[in-house]
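Structure, as structure tokens:
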Amino acid sequence: MQAVKVDKVSYKYSEKEKLAVDGVSLEIEAGEFVAVVGRNASGKSTLARMINGLIAPLSGEITVFGNNTLDEKSLFEIRKTCGIVFQNPDNQMVASIVEDDVAFGPENIGVSREEIGKRIDFALQATGTEPFRTEMASKLSGGQKQRVAIAGVLALKPKILILDESTSMLDPIGRAEVMAVVENLRKTENMTVMVITHYMDEVVGCDKVFVMADGKLLKTGTPEQIFNDKELLDEAGLELPVPAKIAEGLKRRGVDVGLPLTKEQLKERLWKLFAKT
Amino acid sequence: MEVVCQNLSYSYSPSSKNKKYALSDVTLTIKEGDFFGVIGHTGSGKSTFIQHLNGLIPVQNGKLTVGEYDLTDKSRSGKAKLKELRRKVGMVFQYPEYQLFAETVFEDVAFGVRNFYKQASAEFIAQKVKSAMQLVGLDFDELKDKSPFSISGGQKRRVALAGVIAVEPEILVLDEPCAGLDPQGKTSLWQLLHKLHGTFCKTVIVVSHDMNDVAEQCDKAVVFSDGKAVACGSPRELFSGLEDLEKLGLESPVTGYLTEKLKPSVTLDTDFTIDDFCDKLVEKLKEKS
Ligand SMILES: Nc1ncnc2c1ncn2[C@@H]1O[C@H](COP(=O)(O)OP(=O)(O)O)[C@@H](O)[C@H]1O
Ligand SMILES: Nc1ncnc2c1ncn2[C@@H]1O[C@H](COP(=O)(O)OP(=O)(O)O)[C@@H](O)[C@H]1O
Ligand SMILES: [Mg+2]
Ligand SMILES: [Mg+2]
């Protein structure tokens, strides 16, 4: 089933500015895990806000599970279906106490009281924020706030989850924990996941990568296709994941181990190399 | 200026019954000239530690001196010196662009200069602002009159940084300066920090989450865990004891992971930068064949 279809969509924030999103078309299947990458200001967040129906395309159209975002009557359904977590958690928090903040979303879409309780328990557990349940959100660290923001959206049980640089304040292990929860939901609930990220190691495991530059979609491909395209990486300001950088360094020294994207892959190849000699 | 910290402890709730320590018994020295990393998982005390360095958080317990400044000195003359110290220790907070406030880029960068040089002439201020903007790679003429809110995220972060270095601090402290930057923005920020490190700014102290960056960029680093400084040394020393690091909830750099996994048949004596790792690996391959 198709989760999202973006068809020749453009957007600009004001008359005199250039297009923030420029003629983008893409499709995402239900249950897929996709990444959107590109420089700051390349249009990633604008695209995400349009998918969620927060802003309407200037031209072209977007459907989310068949509902058109231009259709006012579908908007409530679309926002229920598609949850976004933004980069700056301060823009997301609505209530002063952590558990109230997490409850706000489900309350708003009319979830029963009993069910809300369950969802809060689940979301706080999943994001490791249970210990702060009754604390003031304003007293938490940036990383802790980001976890609460993610909990708030998970409590909506969205069919589509968009993470817009929403783990930028977490440490690598914290990021991995959050991504593991997301991956688990994708498997058990067939949730569709879109991550917007500058961390190349988060891109490596996904099904499809959308590369943006200057508002345009430069390329759609698997992580292997993207990271093997040098010109594209330069044009979009991307870099290789660290294991691939090491492989490049070895290649310059006359040792070819291909282009492994994970450290486990690179380890296997190095083992083989030493076994052979 | 050397940073010397002895048995430093700090609690955000000092009078509560079961008080928790954000810093506990920290003893360490940061030498003048170091490019020094501060690492540790979220909540381990990194931000609390660095905010002690310019007196933003007052010393509760233990001793702290920065050069000739004794931050434990609560006397009147000690307090007067604090302002002098603040000029010499520049502090760049996390997401500093969220704190820009002035109407123009010029005014934002000039804020610190005006604050520290009360009698300064307009020329003096303009000259400081201009050279700070140039240092961080911002076009003075193009940007000085723009609103800081109308420029891109990467540029905003540079404006915030320019405001701090405009008063020419000897020690520059940055709290996770790379968070949220795109890969190119990150690379050029590291380059910029190394460039600054060769100028008036003799010591750079940088909080980072990314062990790959620490291995690549820093001469030395301290590891915090639960408010304690549990290890301190060069990347070579720190990443040789990887199991210990991982027990503290820290991810190793990829070069460290590989070095560990190649043992015991292959032992690499590397400083864990990618270049050195590749050199040593290729050497071993040649030896074997
Ligand atoms: N709220 C806004 N008002 C005006 N311009 C904006 C706004 N948000 C983004 N833009 C502009 O739109 C373009 C795309 O930005 P954005 O979608 O935020 O990119 P990204 O998420 O890739 O960093 C940029 O030129 C940016 O300055
Ligand atoms: N303003 C504050 N009020 C109360 N507790 C705080 C405050 N800032 C930090 N803490 C607590 O102090 C400890 C260390 O935090 P911090 O220094 O911010 O760590 P890090 O920068 O390593 O993430 C944490 O347990 C944190 O919750
Ligand atoms: Mg964005
Ligand atoms: Mg911190």
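The values are calculated or read from the model by the stated rules, or taken from the named source; none is laboratory data. Everything numeric in this text was worked out from a predicted model, so none of it was measured. Positions of Cβ are backbone-derived with ideal geometry, glycine not excepted, and every protein chain shown enters the neighbour counts. Surface areas here come from the heavy atoms of the whole protein model, side chains and all, with no ligands, DNA or RNA. Shrake-Rupley method; radii C 1.70, N 1.55, O 1.52, S 1.80 Å.
Below is a table of values for the structure above.
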{"read-out": "Output for segment B:151-172, where each listed residue is more than 14 Å from chain A (Cβ to nearest Cβ) and in contact with a Ser or Thr (Cβ under 9 Å, 6 or more places away or on another chain)", "value": "B:I165, B:A166, B:E168, B:E170, B:I171, B:L172"}
{"read-out": "Number of positions in segment A:160-183 that are more than 24 Å from B:V207 (Cβ to Cβ) and in contact with an Asp or Glu (Cβ under 9 Å, 6 or more places away or on another chain)", "value": "0"}
{"read-out": "Segment A:34-54 - residue that is of a type outside the set (K, R) and open to solvent by 20 Å² or more (accessible area, probe 1.4 Å) and, of those, nearest to A:S74 (Cα to Cα)", "value": "A:L54"}
{"read-out": "Number of positions in segment A:244-269 that are open to solvent by 10 Å² or more (accessible area, probe 1.4 Å) and part of a helix (DSSP H, G or I)", "value": "10"}
{"read-out": "Single match in A:L250, A:L266 (criterion: within 9 Å of chain B (Cβ to nearest Cβ) and over 18 Å from B:K263 (Cβ atoms))", "value": "A:L250"}
{"read-out": "Index of the failed condition, B:H41 passing every other in (1) within 18 Å of B:G112 (Cβ to Cβ); (2) within 14 Å of chain A (Cβ to nearest Cβ); (3) modelled with pLDDT under 90", "value": "(1)"}
{"read-out": "Condition check for B:E168: more than 16 Å from ligand 2 (Cβ to nearest atom), open to solvent by 10 Å² or more (accessible area, probe 1.4 Å) and within 25 Å of B:L64 (Cβ to Cβ)", "value": "yes"}
{"read-out": "Unmet criterion (only one of (1) open to solvent by 10 Å² or more (accessible area, probe 1.4 Å); (2) free of Cβ contacts under 8 Å to residues at least 40 places away in the same chain; (3) among the small types (G, A, S)) for B:G233", "value": "(1)"}
{"read-out": "So A:A30, is it open to solvent by less than 50 Å² (accessible area, probe 1.4 Å) and within 22 Å of A:L233 (Cα to Cα)", "value": "no"}
{"read-out": "Residues satisfying the stated conditions in segment B:148-165, i.e. open to solvent by less than 40 Å² (accessible area, probe 1.4 Å) and without any contact (Cβ under 8 Å) to a residue 60 or more places away in the chain", "value": "B:P148, B:I151, B:G153, B:G154, B:A162, B:G163"}
{"read-out": "Subset of segment A:13-25 that is more than 8 Å from ligand 1 (Cβ to nearest atom) and open to solvent by 10 Å² or more (accessible area, probe 1.4 Å) - its residue that is nearest to A:P223 (Cα to Cα)", "value": "A:S25"}
{"read-out": "Qualifying residue in segment B:188-204 (condition: at the interface with chain A (Cβ under 9 Å from one of its Cβ atoms), in a loop (DSSP other than H, G, I, E, B) and open to solvent by 10 Å² or more (accessible area, probe 1.4 Å))", "value": "no"}
{"read-out": "Where B:E107 falls short, out of the listed (1) away from ligand 1 (no atom under 16 Å from the Cβ); (2) more than 21 Å from B:H197 (Cα to Cα); (3) within 20 Å of the chain's Cα centre (by Cα); (4) open to solvent by 30 Å² or more (accessible area, probe 1.4 Å)", "value": "(3)"}
{"read-out": "Answer from B:V113, B:V59, B:V129 - the residue that is in contact with a Leu (Cβ under 9 Å, 6 or more places away or on another chain), away from chain A (no Cβ under 14 Å) and not hydroxyl-bearing (S, T, Y)", "value": "B:V59"}
{"read-out": "Given (1) touching a residue at least 40 places away in the same chain (Cβ under 8 Å); (2) in contact with a Ser or Thr (Cβ under 9 Å, 6 or more places away or on another chain); (3) crowded, with 19+ Cβ neighbours inside 10 Å, index of the condition B:C178 fails", "value": "(1)"}
{"read-out": "Helices (runs of 4 or more DSSP H) contained entirely in segment A:144-238, each with at least 2 residues that are open to solvent by 20 Å² or more (accessible area, probe 1.4 Å) and within 16 Å of ligand 4 (Cβ to nearest atom)", "value": "A:172-189"}
{"read-out": "Hey, B:T42 touching a Gly at 6+ places or on another chain (Cβ under 8 Å), in a loop (DSSP other than H, G, I, E, B) and away from ligand 1 (no atom under 16 Å from the Cβ) or not", "value": "yes"}
{"read-out": "Residue in segment B:141-150 that is in a helix (DSSP H, G or I), over 15 Å from B:A126 (Cα atoms) and away from chain A (no Cβ under 14 Å) present", "value": "yes"}
{"read-out": "Conditions (1) within 14 Å of another protein chain (Cβ to nearest Cβ); (2) free of Cβ contacts under 8 Å to residues at least 24 places away in the same chain; number of the one not met by A:E72", "value": "(1)"}
{"read-out": "Subset of segment B:17-33 (residues that are open to solvent by less than 70 Å² (accessible area, probe 1.4 Å), within 16 Å of ligand 2 (Cβ to nearest atom) and away from chain A (no Cβ under 14 Å))", "value": "B:L23, B:S24, B:V26, B:L28"}
{"read-out": "Lone unmet requirement of (1) buried (at least 16 other Cβ atoms within 10 Å of the Cβ); (2) facing chain A (nearest Cβ under 10 Å); (3) free of Cβ contacts under 8 Å to residues at least 60 places away in the same chain; (4) not basic (K, R) for B:D275", "value": "(1)"}
{"read-out": "Hits in segment B:228-261 (condition: of a type in the set (K, R) and within 13 Å of another protein chain (Cβ to nearest Cβ))", "value": "B:K247, B:K261"}
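Quick grid of which residues meet (1) within 14 Å of another protein chain (Cβ to nearest Cβ); (2) in a helix (DSSP H, G or I); (3) surrounded by 13 or more Cβ atoms within 10 Å (Cβ to Cβ):
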residue	(1), (2), (3)
A:T63	no, no, yes
A:I78	no, yes, yes
A:E99	no, yes, yes
A:V102	no, yes, yes
A:V111	no, no, yes
A:E114	no, yes, no
A:K118	no, yes, yes
A:F122	no, yes, yes
A:T134	no, no, no
